1. Out of (1) open to solvent by 50 Å² or more (accessible area, probe 1.4 Å); (2) modelled with pLDDT under 65, the odd one out for Gln234 is which?
2. Give me the pairs, please: first residue somewhere in segment 168-187 and closer than 18 Å to Arg302 by Cβ, second residue anywhere and part of a loop (DSSP other than H, G, I, E, B) and of a type outside the set (S, T, N, Q), beta-carbon distance under 8 Å, and either six or more positions apart or on two chains.
3. Looking at Arg458, Arg422, Arg414, can you tell me which residue is charged (D, E, K, R), touching a residue at least 60 places away in the same chain (Cβ under 8 Å) and open to solvent by 50 Å² or more (accessible area, probe 1.4 Å)?
4. Any residue at all in segment 195-212 that's at pLDDT 90 or above, open to solvent by 30 Å² or more (accessible area, probe 1.4 Å) and of a type in the set (Ser, Thr, Tyr)?
5. When the residues of segment 431-455 are filtered to those that are touching a Ser or Thr at 6+ places or on another chain (Cβ under 8 Å) and open to solvent by less than 50 Å² (accessible area, probe 1.4 Å), which remaining residue is modelled with the lowest pLDDT?
6. Mind listing whichever residues of segment 411-435 are in a helix (DSSP H, G or I) and closer than 22 Å to Gly97 by Cβ?
7. So, of the residues in segment 35-71 that are touching a Phe, Trp or Tyr at 6+ places or on another chain (Cβ under 7 Å) and part of a loop (DSSP other than H, G, I, E, B), which turns out to be surrounded by the fewest Cβ atoms within 10 Å (Cβ to Cβ)?
8. Scan segment 304-325 and tell me whether some residue there is modelled with pLDDT under 85, open to solvent by less than 70 Å² (accessible area, probe 1.4 Å), among the basic types (Lys, Arg) and more than 29 Å from Glu410 (Cα to Cα).
Amino acid sequence: PQDIEWASVGSDLVLLQSRPVTVVGPRSLFDDGFDEPVNSSDKFTPYGVVEMLPDAVSPLLWTVNAPMIEHGYRSAVAGLGGDPGRRERPFIGRFRGRGALNLSLLQEIAESLPGGSASDVERQFLGTSVTEHDTGRRGGRIRTALHARRELRKLNDEIDLVVTAADAIVDLEVDLASLPAWRLAGYRRTVRDLAWRIAAAEVSASSAASASYRALELVLARWLDEPSASSWAQRLTAGTLGRHGAGARLDRELHDAGEATTPSDSTLADPGRAVPESIARELNDHKPDKAHLPPALARAARRAGSRAVYGGPTWEEAPQLVWQRIRMDASHRKPQPAPDRAAALDELATVLRSRRSWKYIRVATGQIVDLRLRLIDQMSRTAAQALRMRERAKSALLTLGGEERRGIVEITARLIESHQIRTPEDVDLLADRELTGMLLGAPSPPSADLHWRRAVARRTRQAPPLPDVFTGYP
């Protein structure tokens with residue numbers, strides 16, 4: 001950073017002095033204009049955001065994703081009957097180019113709800129509790145989980161709808177290159193509207209899954225110690241995700257596509273084979289740009305969408321990675337037996353019946369049919385259902401992220417052709433509103449601004465991760 005002094009003489013600019021800035025704080029070195037000011041007393045944590053926005057996030061992906069994630073959290077809180085507060089105090093903040101969650105705001109909302117607990121929020125996002133006093137009541141938390149179970153029925157219908165819509169949009173295979181600028185901008189808005197709806201469903205499903213799972217742990221902890229209760233909760237929900245996991249979407253699509261192709265088209269027709277010799281030779285020669293996918297596999301890659309971040313690089317853009325995934329699956333994956341949930345429940349029942357406290361309640365209440373086991377069974381099913389719904393919503397969001405990315409790639413090509421930007425990488429330096437504006441004829445940001453953003457991006461990529469918990473600007 002330089003301190004520059006200059007003067008104008010007629011039509012000329014004269015440089016008077018340039019020297020290194022001597023007073024510069026750590027924040028200004030990493031501030032590209034997109035790190036938002038936050039309440040200095042709030043605690044933040046990267047947990048809860050780092051899965052959706054890992055590492056440093058470019059201005060473009062931040063301005064696309066952050067409002068969507070913010071909307072998701074606000075919708076989830078409102079659905080639970082909480083007050084999300086003022087928008088001037090956001091759930092999501094950006095520090096050194098990295099996203100973080102406002103832990104203080106979540107804690108305050110949690111404690112305002114019946115049975116809410118700040119420490120439960122910390123367990124959900126940090127994996128441990130850092131609060132000294134736990135003010136929540138177990139019974140209240142269990143009631144909250146039962147409320148979440150009722151909400152799951154409505155949420156399940158919403159997720160069915162948005163997942164179907166996301167796949168249908170991708171299957172349209174709209175020719176973006178043929179759209180005039182105003183229609184391309186409109187198509188992106190249509191995709192974005194659905195993405196916001198999916199993000200809200202994903203956060204709500206995640207909240208319901210956490211509440212249901214925690215309630216199951218608390219019920220088991222009435223008769224077991226905490227570690228045992230946690231272990232049994234895991235066993236009762238083991239194998240829940242399977243083919244529903246967000247990370248399994250590509251594998252499932254590739255498998256289904258492979259069954260629909262001929263042996264000459266796909267390595268999946270014979271799982272014991274490696275990739276075709278021609279493709280393997282291209283990969284070994286480090287020429288991934290020549291790798292190609294048969295139509296069925298290309299469609300599977302497109303339906304899988306973004307590889308990690310909504311609107312980020314897609315599987316379709318990297319066919320060599322798809323082939324590597326296929327080769328790894330064929331060479332190394334061994335079928336694993338599905339967890340036997342019924343056997344786990346029977347084993348748990350044997351353990352519980354050996355506990356004196358369990359026997360005493362059964363005798364004291366005169367139960368003929370032990371309703372507690374039915375409750376545990378139902379609660380584990382509810383938690384498993386919520387976990388599956390969360391993963392389905394995540395998969396749909398990444399699917400739609402591929403369409404968002406296609407729009408970004410098309411706009412980038414047009415801006416390069418019109419000499420508004422020089423390289424594809426320059427588009428990451430733009431805010432989403434700037435990208436749309438330039439597509440529709442607005443001028444690009446000053447070159448000095450883009451130069452500064454580029455320098456900040458290099459520094460943020462080299463900076464260490466954010467602390468697990470911090471107050472104000474770290």
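The values are calculated or read from the model by the stated rules, or taken from the named source; none is laboratory data. Model, not experiment: these values are computed from the prediction. Here Cβ is always computed from backbone atoms with ideal geometry, including for glycine, and neighbour counts include all displayed protein chains. Just so you know, the surface numbers come from the protein's heavy atoms only, side chains and all, with ligands and any DNA or RNA stripped out. Shrake-Rupley method; radii C 1.70, N 1.55, O 1.52, S 1.80 Å.
1. (2)
2. Pairs found: Val170/Gly305; Tyr187/Val174; Tyr187/Leu179.
3. Only one candidate passes the filter, namely Arg414.
4. No, the conditions are met nowhere in segment 195-212.
5. Applying the filter and picking the extreme gives Leu450.
6. Matches in segment 411-435: Thr412, Pro424, Glu425, Asp426, Val427, Asp428, Leu429, Asp432, Arg433, Glu434, Leu435.
7. Checked segment 35-71; the qualifying residue surrounded by the fewest Cβ atoms within 10 Å (Cβ to Cβ) is Tyr47.
8. Among the residues of segment 304-325, not one is modelled with pLDDT under 85, open to solvent by less than 70 Å² (accessible area, probe 1.4 Å), among the basic types (Lys, Arg) and more than 29 Å from Glu410 (Cα to Cα), which makes the answer no.
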